[in-house]
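A.B. asks: Input: one structure, supplied below.
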Amino acid sequence: QVQMVESGGGLVQAGGSLRLSCAAPGRTFNSYIMGWFRQAPGKEREFVAAITYSGGRYHTDSVKGRFTISRDNAKNTVDLQMNSLKPEDTAVYYCAAKPPSAKIVDIDEYCCWGQGTQVTVSS
């Protein structure tokens, strides 16, 4: 099974920005929904954002107005622009893919998880 490759994480001060990128080597995800999730220490993995093949965007409430998901279908990549970062955004961020359906935030619907990229926001 193809795994995603995430990049772009790092250490940033509160209020700063990071841009995460995700690629799927050797695989195209035509028609698939692409999503970003995160997992903080001691917590379960949670939905952050998703984007349909046609560009429809969904963001969880805690990141609305700060994070923006985008995708480049020609390059088979999906990005997450994160602005105004807060310490509570600290987590490992993962991207994944799922066939189109109404269950946008259902983590069990997603596949092809990568190793994730660490985002640490200092106060």
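The values are calculated or read from the model by the stated rules, or taken from the named source; none is laboratory data. As the structure is a computational prediction, the values presented were derived from the model and not from experiment. Please note: Cβ atoms are built from the backbone with ideal geometry, for glycine as well, and neighbour counts cover all protein chains shown. For accessibility, only protein heavy atoms count, side chains too; no ligands or nucleic acids. Shrake-Rupley method; radii C 1.70, N 1.55, O 1.52, S 1.80 Å.
A.B. asks: Among strands (runs of 3 or more DSSP E) lying entirely in the stretch 1-72, which contain 1 or more residues that are over 23 Å from residue 103 (Cβ atoms) and basic (Lys, Arg)?
C.D. replies: Numbers: elements: 5-7, 10-13, 18-23, 33-39, 46-51, 57-59, 67-72.
Ranges flagged: 18-23.
A.B. asks: Where the second residue is polar (S, T, N, Q) and the first is touching a residue at least 12 places away in the same chain (Cβ under 8 Å) and lies in the stretch 102-120, which pairs have Cβ atoms under 7 Å and are six or more apart or on separate chains?
C.D. replies: If the second residue must be polar (S, T, N, Q), the pairs left are 111/1; 112/1; 112/3; 113/3; 114/3; 117/7; 119/90; 120/90.
A.B. asks: Which ones in the stretch 84-110 are open to solvent by 30 Å² or more (accessible area, probe 1.4 Å), hydrophobic (A, V, I, L, M, F, W, C) and at pLDDT below 95?
C.D. replies: Once the filter is applied, which keeps residues that are open to solvent by 30 Å² or more (accessible area, probe 1.4 Å), hydrophobic (A, V, I, L, M, F, W, C) and at pLDDT below 95, the stretch 84-110 yields 102, 105, 107.
A.B. asks: Let me ask something else about it. Determine if the stretch 63-70 includes at least one residue that is open to solvent by 60 Å² or more (accessible area, probe 1.4 Å), among the basic types (Lys, Arg) and closer than 20 Å to residue 2 by Cα.
C.D. replies: No.
Conditions tested, residue by residue: (1) within 21 Å of residue 113 (Cβ to Cβ); (2) modelled with pLDDT under 95; (3) out of contact with any helix residue (DSSP H, G or I) (no Cβ under 7 Å at 6 or more places or on another chain).
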{"residue": "24", "(1), (2), (3)": "yes, yes, yes"}
{"residue": "45", "(1), (2), (3)": "yes, no, no"}
{"residue": "60", "(1), (2), (3)": "yes, no, yes"}
{"residue": "69", "(1), (2), (3)": "yes, no, yes"}
{"residue": "80", "(1), (2), (3)": "yes, no, yes"}
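A.B. asks: Then there's this: Listed residues 92, 78, 121; which is more than 12 Å from the chain's Cα centre (by Cα), in a strand (DSSP E or B) and of a type outside the set (Lys, Arg)?
C.D. replies: Values: 92 fails: more than 12 Å from the chain's Cα centre (by Cα); 78 fails: more than 12 Å from the chain's Cα centre (by Cα).
None of the other options fit; the residue is 121.
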